[in-house]
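Asker: Encoded as structure tokens, here's the structure I'll be asking about.
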Amino acid sequence: MKKLTSARYLALLGVLGALLGFWSATRTWITVDVKATSVQIPQVVIDGADAAASVTAVAVVVLAGSLALLIAGKVSRYIIGGLSLLAGAASIAAGVGALADPQSVAATAVSEATGLAQNAGDYAVTAWPAVAIVGGAIMALQAVLIFVFASRWPTKASKYDRQAAKKAPVANDDSSRNIASWEQLSAGEDPTSEPRS
């Protein structure tokens, strides 16, 4: 169980949700058979990027956040969790909006394709908005799990942290002194100066 709640697995969970969001955004969400006699367009096809552009945007946010989760500090983990939660909610809302009211989602695309202000036609919704909902649910699940388990993850020490640097020991022989001098340089100290007391 501990392995499944590690930062690595939760990052993979976020990547999965983001990829589902990307995948659904590239597919056809709504097809409209226009009933106007003066228009010669038999069918208008609206893909996910046109129906809900936010799905692609939030998938990018979650993908980047999931990758950043692997190197994030304590505070950053919670910020990433909050962003993933908002992104998941936005993806769910976009999918539910397309399923609940396809006419309003497709209104702009239909009016651009037909030149008509009214939305007269038969609307057929595919299963891809539901895939966006599933992707959003996975993003939100990742966020909740980050909030629950992030405090248990070890923090990464910065190799540039001065407090973490150890003072080089004084060497007895020539080869050890050379190594000790390099270690002092790495720690930001001058090896030619006298040791401070």
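Asker: Kindly indicate whether any position in segment 83-97 is β-branched (V, I, T), over 30 Å from L12 (Cα atoms) and surrounded by 16 or more Cβ atoms within 10 Å (Cβ to Cβ).
Answerer: no
Asker: Can you tell me which residue in segment 1-50 is modelled with the highest pLDDT, limited to those that are part of a loop (DSSP other than H, G, I, E, B) and within 18 Å of I146 (Cβ to Cβ)?
Answerer: The residue in question is S6.
The values are calculated or read from the model by the stated rules, or taken from the named source; none is laboratory data. Keep in mind the model is a prediction, meaning the values are calculated, not measured. Glycine also receives a Cβ, built like all others from the backbone with ideal geometry; neighbour counts cover every protein chain displayed.
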